[in-house]
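Asks: Have a look at this one.
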Amino acid sequence: MEFIQIEVQEREERGTAAMNRLRRSGGVPAVLYGLQRRSLSLTIPAKELERFIHSGSHLVELKMGDETRDAILREVQQHPLTDQVLHVDLVRVDKDRRIEDQVPIRYKGTAPGTREGGLFQSLMDHLTVTARPRDLPEEVLLDISQLHVGDAIYVREIELPEPVTCALDDDQLVAHVVAIRGLDAEEEEEVEGEEPVGEPEIVGKEGESAAASGGG
Amino acid sequence: MLMPKRVKHRKTQRGKVKGNASRGNTVAFGEYGLQALEPAWIRANVIEAGRVAAVRSADEARVYIRIFPHKSITSTPEETRMGTGKGEPDYWAAVVRPGTILYEVGGGISEEQARKAMNKVAHKMPIKTRFVKRRG
């Protein structure tokens with residue numbers, strides 16, 4: 001993974017109204033923390049941030065005037081409807097020190113088990129790995145084209161490039177193909193048939209009073 | 001059809017659907033989803049119709065329903081005079097705010113297949129929706 005350079009400014013303003021003004025003027029509020037130093041509030045130009053996020057890299061070289069600081073992208077907050085980036089969290093890193101990070105897992109191919117009446121289930125979409133920032137892979141590719149019903153992929157079976165190690169337990173399950181218990185025909189029929197619309201049980205005071213009036 | 005097993009009150013006040021969804025607005029279980037873009041009360045039978053549409057068009061995938069009809073909607077019979085009180089429960093509905101993820105599909109399904117399945121579901125919905133992917 002390569003470091004992407006971004007020019008940022010330190011930010012004095014705080015609060016919702018000020019941040020909304022900032023977003024309208026083309027900036028994105030960010031915070032930089034880590035390495036047991038004082039946290040800094042930053043402003044990043046929205047266009048530069050978009051370029052960085054779409055590059056696929058997590059590593060960023062923050063240019064603040066004459067200084068540069070290395071950081072890693074930890075969290076991106078987005079608007080649920082417009083996908084506009086609202087805020088980012090950046091963590092300071094040392095280029096020579098190993099760090100723990102989450103790397104996305106991408107599944108390649110189609111599991112033949114799905115055609116044998118099984119269901120492919122991925123239990124992990126990110127893998128926690130330890131490495132020096134530059135050695136971090138952009139993604140972990142897992143081939144699932146050999147997974148039949150009952151087969152599974154465990155953490156110990158994942159091959160990572162040499163200096164990278166996995167921070168998870170070896171026996172943890174990553175993905176598997178499980179057998180579906182012949183639900184298709186039965187469930188469909190159940191759905192097709194007209195179901196009588198019942199009433200739910202009423203609990204609490206209203207339920208007690210209804211029962212009392214019914215009984216008396 | 002979906003409905004609660006136990007409730008405290010048979011009838012609920014109508015309420016207002018304000019703002020965007022602050023919870024249940026990200027794809028959490030599958031890889032792709034269908035997101036509501038408008039507020040609505042979605043009936044239990046519509047949720048079921050959507051589920052059937054999704055299961056039929058993506059039979060190798062796993063379908064997740066992310067909404068549940070918690071709200072009972074009452075109605076009064078026709079030609080009823082004023083002042084007879086609140087009507088009887090008619091159906092159950094899920095209160096949906098813009099941004100809510102309605103359905104999700106996962107289990108190694110391709111994006112093309114997922115789009116097809118979600119498009120079929122979208123046709124059953126009484127509101128505008130959009131196809132969304134899980135955020136990395």
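Asks: If amide hydrogens are placed 1.01 Å from N in the peptide plane, which non-local residues have theirs closer than 5 Å to the one on A:Val28?
Replies: So A:Val28 has HN proximity to A:Ile44, A:Ala46.
Asks: Which of A:Gln78, B:Ile47, A:Met1 sits farthest toward the positive end of the charge dipole of the protein assembly as shown, with +1 on the Cβ of Lys and Arg and -1 on the Cβ of Asp and Glu?
Replies: The residue sitting farthest along the positive end of the dipole is A:Gln78.
Asks: Pick out which of B:Lys86, B:Lys120, B:Lys11 has the largest mean-square fluctuation in a Gaussian network model of chain B, springs linking Cα atoms closer than 10 Å.
Replies: So, out of B:Lys86, B:Lys120, B:Lys11, the one fluctuating most is B:Lys86.
Asks: Answer rounded, prolate or oblate for chain A, using the Cα gyration tensor with square roots of eigenvalues a ≥ b ≥ c: rounded when a/c is under 1.5, else prolate when a/b is larger than b/c, else oblate.
Replies: The shape class here is oblate.
Asks: As a test of the formula, what do you get for chain B when each DSSP H run with n ≥ 4 contributes -39,500 (n - 2.57) and the sum is divided by the residue count, at 222 nm and rounded to the nearest 500 deg cm²/dmol?
Replies: Helices in chain B give a 222 nm mean residue ellipticity of -6500 deg cm²/dmol.
Asks: What quantity of accessible surface, computed with a 1.4 Å probe and excluding non-protein components, is buried in total between chains A and B, in Å² to the nearest 100?
Replies: 2600 Å²
Asks: Using θ = phi - 60° and the Karplus curve 6.51 cos²θ - 1.76 cosθ + 1.60, what whole-Hz ³J(HN,Hα) does each residue of segment A:44-60 get, with Gly and Pro shown as x?
Replies: Values per residue, Gly and Pro as x: 10, x, 4, 5, 5, 5, 4, 4, 5, 5, 7, 6, x, 8, 9, 8, 9 Hz.
Asks: Let me ask something else about it. Starting at the first residue of segment B:93-110, write each ³J(HN,Hα) from the Karplus equation 6.51 cos²θ - 1.76 cosθ + 1.60 with θ = phi - 60°, in whole Hz, x for Gly and Pro.
Replies: For segment B:93-110, the Karplus-derived couplings read 9, 9, 8, 10, 9, x, x, 5, 7, 8, 9, 9, 10, x, x, x, 7, 7 Hz, x marking Gly and Pro.
Asks: Tell me the per residue accessible area of the protein assembly as shown using a 1.4 Å probe; a whole number in Å² is fine.
Replies: Heavy-atom accessible area per residue stands at 59 Å².
Asks: Relative to the Cα centre, what is the charge dipole magnitude of chain B, using +1 at the beta carbon of each Lys and Arg, -1 at the beta carbon of each Asp and Glu, and rounding to the nearest 20 debye?
Replies: 600 debye
Asks: Just the accessible area for B:Tyr91, please: 1.4 Å probe, Å², rounded to the nearest 10?
Replies: 50 Å²
Asks: Going through segment B:1-107, which GluC sites (Glu not before Pro) have at most 14 other Cβ atoms within 10 Å and a DSSP loop state?
Replies: Loop-located and lightly packed - B:Glu78, B:Glu79.
Asks: Something else now. Hey, what angle do you get for helix B:44-57 against the long axis of chain B, alpha-carbon based, 0 to 90 degrees rounded to 10?
Replies: 20 degrees
Asks: At 7 Å along the Cα-to-beta-carbon direction for both A:Arg51 and B:Asn20, put a label point, then send me their distance in nm to one decimal.
Replies: 2.6 nm
Asks: Could you give the dipole magnitude of segment A:100-192 about its Cα centre, charging the beta-carbon of Lys and Arg +1 and that of Asp and Glu -1, in debye to the nearest 20?
Replies: So the dipole magnitude of segment A:100-192 works out to roughly 540 debye.
Asks: Separate question: To the nearest 20 debye, what charge dipole does the protein assembly as shown have about its Cα centre, counting +1 at the Cβ of each Lys and Arg and -1 at the Cβ of each Asp and Glu?
Replies: About 1940 debye.
Asks: Evaluate the distance, in nm, between pseudo-label points positioned 7 Å from the Cα of B:Arg115 and of A:Glu159 along their respective Cα→Cβ axes.
Replies: So the label points at B:Arg115 and A:Glu159 sit 3.3 nm apart.
Asks: Provide the percentage of antiparallel DSSP beta bridges, counting only those with both residues in the protein assembly as shown; round to the nearest 5.
Replies: Of those bridges, close to 80 percent are antiparallel.
Asks: Going by amide H atoms built from the backbone, whose H comes under 5 Å of the H on B:Arg62, apart from near neighbours?
Replies: It is B:Gly106, B:Gly107, by chain and number.
Asks: So, one more: For labels at A:Thr128 and A:Ala167 in the simple 7 Å Cα→Cβ model, what's the distance in nm?
Replies: 0.6 nm
Asks: Sorting check: for B:23-29, A:174-180, which peptide has the highest mean count of neighbouring beta carbons within 10 Å, and how do the rest follow?
Replies: Peptide ranking by packing, descending: A:174-180, B:23-29.
Asks: Also, quick follow-up: Under 5 Å between amide H atoms, partner at least 5 residues away or on a different chain: which partners does A:Arg132 have, H built in plane at 1.01 Å?
Replies: Placed amide hydrogens put A:Ile99 under 5 Å from A:Arg132.
Asks: What translational diffusion coefficient, in µm²/s and rounded to a whole number, does the Stokes-Einstein relation yield for segment A:100-192 at 25 °C and a viscosity of 0.890 mPa s, taking the hydrodynamic radius as the Kirkwood radius over Cα pairs?
Replies: D = 167 µm²/s.
Asks: Let me ask something else. Show me, for segment B:111-120, the HN-Hα J-couplings you get by feeding each phi into the Karplus relation (A = 6.51, B = -1.76, C = 1.60, θ = phi - 60°), rounded to Hz, glycine and proline as x.
Replies: 5, 4, 5, 4, 4, 4, 4, 5, 5, 4
Asks: Report, in deg cm²/dmol and to the nearest 500, the calculated mean residue ellipticity at 222 nm for chain A, where each DSSP H run with n ≥ 4 adds -39500 (n - 2.57) and the sum is divided by the residue count.
Replies: Using -39500 (n - 2.57) per qualifying helix, the result is -5500 deg cm²/dmol.
The values are calculated or read from the model by the stated rules, or taken from the named source; none is laboratory data. Keep in mind that this is a model prediction, so the values were computed, not measured. As a convention, Cβ positions derive from the backbone with ideal geometry for all residues, glycine included, and neighbour counts pool all protein chains shown. The protein model used for the area step is the full one, side chains on, heavy atoms only, and it has no ligands, DNA or RNA in it. Shrake-Rupley method; radii C 1.70, N 1.55, O 1.52, S 1.80 Å.
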